[in-house]
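Take a look at the structure set out below.
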Amino acid sequence: MRVAVTGVSGYLGGILLRLLEGDPGVEEVVGIDLQPPRGEHPKLRFIAGDVREPAIEGSLRGCDAVVHLAFVVARAPGAIRMQNDRAIHHINVGGSVNVFECAARAGVGHIVHASSIAAYGNWPDNPRLITEECALRPNRGFYYSETKARVEEHIVRFREANPGVKVTLLRPSLFVGPTINNPFGRLLTLRRSPVFMGYDPEVQFTWDEDVAGAFHLALRRSPGGAFNIAAEPPVRWSRIGPILEKKSIRVPYPLVAGFNRLLWRLRLSGVHPGWLGYCKYGIVVSSAKARRELGWEPRYTCEDALRKFAGM
């Protein structure tokens, strides 16, 4: 099997690349990114490219499957002043649409797309346990939540226009790992664990290798459809400090949110205010379908993932 991976040099892409190279059923990995991944990768054929370019089609020819991981999660520290909301939308939505269309024209039979539980949205009336049948209600104004949902809307139309292409959607929770560098990874490394006054939502953290393992299983089993990927049981936000063996600090949400919003507007921060929604309202999902149909079993519970992260 030949597998193409967009965003191969990203955090999750690097972990998945190692899994694919260890799979005897994978003959070659076509890695597409702006920069090559570090280290030696005997099965990798790296192609420097932007997911928004039509030339991606040529890179996908001969591939049996495509894993689409390329997505802007947060403004890169060195590009805070260059990446505005419109540019991020163009990369996340426009790039995804281009990859799907190029894959169909190139004759790829299976697309595995990295969506997110963020597409469900942070809302006070969320169900206690969200399943794949629940509606997507992205948080308006939060680019990450909105663009994940917009891509899924396009996939509905894409499936209708390309019935011969199987599409598998994975919706991972927040995940942690040894060198994670995203808004929540940085939050977890603070000297004190913040808890917002009046809010104590449940949250799910999944170990990075468990998340990558779900993508590997989706490639091997080619199920099609949507799957939540999250460790269980969830933990209360107020429990994070004790789990990480840190002191917790209670802070007023309006003060922190207002200050962060100002920094974002001034392009002095790469953390969008929407990320704070995870600290306010929970998105707790059921992974029963992934266990049943993918055979996915995370090695670590949410609490175990946090403890392992703290011990790194």
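The values are calculated or read from the model by the stated rules, or taken from the named source; none is laboratory data. Predicted model only: the values in this text are computed from it and were never measured. A quick note on method: Cβ atoms are made from the backbone with ideal geometry, for glycine too, and the neighbour counts reach across all protein chains shown.
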**Message:** Any residue at all in segment 205-225 that's farther than 26 Å from residue 22 by Cα and either of a type in the set (D, E, K, R) or within 15 Å of the chain's Cα centre (by Cα) (or both)?
**Reply:** no
Of those in segment 115-136 that are buried (at least 22 other Cβ atoms within 10 Å of the Cβ) and of a type in the set (A, V, I, L, M), the residue farthest from residue 226 (Cα to Cα) is 118
Note on segment 265-290: residues in a helix (DSSP H, G or I), at pLDDT below 90 and more than 20 Å from residue 121 (Cα to Cα) are 265
Among residues of segment 1-56 being closer than 23 Å to residue 73 by Cβ and charged (D, E, K, R), the residue surrounded by the most Cβ atoms within 10 Å (Cβ to Cβ) is 33
The residue from 303, 245 that alone is part of a helix (DSSP H, G or I), surrounded by fewer than 22 Cβ atoms within 10 Å (Cβ to Cβ) and not aliphatic (A, V, I, L, M) is 303
By residue number, the members of segment 270-289 that are under 11 Å from residue 231 (Cα atoms) and surrounded by 21 or more Cβ atoms within 10 Å (Cβ to Cβ) are 284, 285, 287
Per the filter on segment 155-180, residues in contact (Cβ under 8 Å) with a residue 60 or more places away in the chain, touching a helix residue (DSSP H, G or I) at 6+ places or on another chain (Cβ under 7 Å) and farther than 17 Å from residue 110 by Cβ are 171, 173, 174, 175, 176, 177, 180
